[in-house]
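For reference, the structure discussed in these notes is given below.
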Amino acid sequence: MTFLYHGMEARGAVWAEIFATRVPQLPFRRWGIDAVDPATVKYLAAWNAPADVIAQFPNLEVLFSVGAGIDQLPLAALPPQVRVVRMVEQGIITGMAEYVAMACLALHRDLPFFITEQRAGRWSYRHTRLAAETRIGIMGLGELGKAALEMLKPLGFALSGWSRSAHEIPGVECFAGAAGFDAFLAQANIFVCLLPLTEQTRGILCRDTFAKMPSGSAVINAGRGGHLVADDLIAMLDSGHLRAAMLDVTEPEPLPDGHPFYCHPAIFLTPHVAAETRHTTAGGVLADNVLRLLAGDPLLGEVDRTRGY
Ligand code: NAP
Ligand code: GLV
């Protein structure tokens with residue numbers, strides 16, 4: 001029985017040491033570096049894996065995502081009995097909360113406008129608002145959405161959230177499901193997408209959705225590029241209905257040369273850096289999860305494969 005790791009070499013080196021100490025009974029091997037008998041591989045950790053992963057490792061039982069999301073894995077090619085586990089670790093969670101706070105403050109205080117004016121050599125006054133006058137709407141109230149809300153609370157923003165099932169979060173107006181979507185969209189000013197990419201959420205940031213947001217709203221996408229319909233965003237920015245967008249994720253990544261997002265005056269890009277998996281904290285989480293697996297206990301972050309997240 002072998003645990004195989006596929007991904008960044010530096011992370012593999014750190015995780016090999018953590019596993020040697022914490023899970024010495026299970027051989028930890030690095031794809032492309034260590035010799036491994038494919039028939040012994042029961043557990044694989046990867047950001048992504050080839051579509052023929054099952055042909056290569058016919059006895060695979062559990063696929064661990066190195067990231068919080070799992071849509072990048074070849075899910076359709078995995079037999080239903082293969083368990084899929086996402087990464088729930090504090091480095092990703094804190095990183096995302098920081099990114100959302102940064103992006104919300106930047107858009108709330110009109111930083112894009114002031115930067116544009118500066119670059120044009122203009123000293124342009126624009127009235128500013130306090131956080132209590134701006135409502136942030138978080139799409140997705142999972143590990144990352146809840147952490148982002150906790151980071152935003154002390155800044156004084158009015159807060160809303162939307163999820164598939166009903167949630168109660170102190171200080172946050174919560175909406176749920178398709179029935180609550182329009183009401184959620186109607187009352188916030190800055191929207192943050194922290195949804196997983198599933199069949200239900202692909203393309204959710206589209207013209208219809210934007211049209212239901214108040215005029216002058218801003219959008220932050222730190223979920224996945226597939227949540228956003230690029231042409232719809234550009235049309236809604238150009239019409240003035242949306243004020244600005246900050247995008248950490250795009251489809252594809254990287255964006256090809258000449259893509260309109262690069263130069264659009266109201267779009268601000270970061271190259272998928274909102275929340276990175278931290279070698280040490282994530283290695284500890286993974287080792288703990290493998291110990292749970294070996295003990296037959298429930299796993300942290302196991303994905304409901306029928307639900308898709
Ligand atoms: P999570 O804990 O699984 O939470 C997902 C949330 O989305 C839950 O609140 C869930 O609702 C909600 N949701 C799912 N499908 C929905 C639907 N159809 N309608 C309404 N709400 C829906 O996930 P997470 O750990 O917070 O991560 C979220 C995503 O962030 C990841 O999947 C990944 O794509 C992205 N991410 C991006 C970066 C980056 O650097 N940009 C880094 C890490 C992760 P319920 O609560 O009702 O289940
Ligand atoms: C990054 O995008 C992740 O899913 O962890």
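No lab work stands behind these numbers, since they all come straight from the coordinates. Owing to the predicted nature of the structure, the values given are computational and were not obtained by experimental measurement. Counting neighbours? That spans all protein chains shown, and the Cβs are built from the backbone with ideal geometry, glycine included.
A compact table of results
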item: Residues whose placed amide H lies under 5 Å from that of residue 164, excluding near-sequence neighbours; result: 141, 177
item: Under Karplus coefficients 6.51, -1.76 and 1.60, residue-wise ³J(HN,Hα) of the range 5-11 in Hz, glycine/proline x; result: 10, 10, x, 3, 4, 4, 5
item: Size descriptor, Kirkwood hydrodynamic radius, that averages inverse alpha-carbon separations across the range 35-164, Å; result: 18.1
item: Cα lying deepest toward the dipole's positive end in the chain, options 286, 241, 142, charges on Cβ; result: 241
item: Rounded Å value of the spacing that divides the Cα centres of the range 192-210 and the range 96-126; result: 25
item: Where labels lie 7 Å past Cα in the beta-carbon direction, separation of residue 119 and residue 207 in nm; result: 2.8
item: Overall form of the range 167-208 per C-alpha gyration tensor (a/c, 1.5; a/b vs b/c); result: prolate
item: Charge tally in the Cβ shell below 14 Å around residue 13, where Lys, Arg are +1 and Asp, Glu are -1, residue 13 excluded; result: 0
item: In range of the label at residue 39: residues from the range 56-70 whose backbone nitrogen is under 14 Å from the point 7 Å along Cα→Cβ; result: 57-60
item: Surrounding net charge for residue 131, when Lys and Arg each add one and Asp and Glu each subtract one, Cβ distance under 14 Å; result: +2
item: Estimated 222 nm signal from helices in the chain, with DSSP H stretches of n ≥ 4 weighted -39500 (n - 2.57), rounded to 500; result: -9500 deg cm²/dmol
item: Using alpha carbons only: equivalent-ellipsoid semi-axes of the chain, gyration tensor based, whole Å; result: 39, 20, 18
item: Potential extension, residue 25-residue 183 segment - 0.36 nm per residue separation minus Cα distance; result: 51.6 nm
item: Note, ³J(HN,Hα) from phi for the range 229-236, Karplus 6.51, -1.76, 1.60, rounded to Hz, x at Gly and Pro; result: 9, 4, 5, 5, 4, 4, 4, 6
item: Student exercise, the chain dipole from Lys, Arg, Asp, Glu Cβ charges, in Debye to nearest 20; result: 440
item: Long-range amide H partners of residue 223 with built H, under 5 Å; result: 193, 195
item: Amide H contacts of residue 67 (H built 1.01 Å from N, under 5 Å, at least 5 apart or other chain); result: 87
item: Translational D in µm²/s for the range 89-156 (Stokes-Einstein at 4 °C, 1.567 mPa s, Kirkwood Rh from C-alpha pairs); result: 97
item: Spin-label model distance (nm) - residue 262 vs residue 77, 7 Å beyond Cα toward Cβ; result: 3.0
item: Rg/Rg_ref, the range 90-269, where Rg_ref = 2.2 N^0.38 Å and atoms are Cα; result: 0.99
item: Positive-end residue, the chain charge dipole about Cα centroid, Cβ charges, pick of 151, 261, 220; result: 151
item: Neighbour net charge for residue 249 - beta-carbon separation under 15 angstrom, K R +1, D E -1; result: -3
item: Rounded if a/c under 1.5, otherwise prolate or oblate - the range 5-55, Cα gyration tensor axes; result: oblate
item: Distance between the range 287-308 and the range 19-54 - C-alpha centres, whole angstrom; result: 17
item: By average C-beta atoms within 10 angstrom, highest first, the peptides 272-280, 257-265; result: 272-280, 257-265
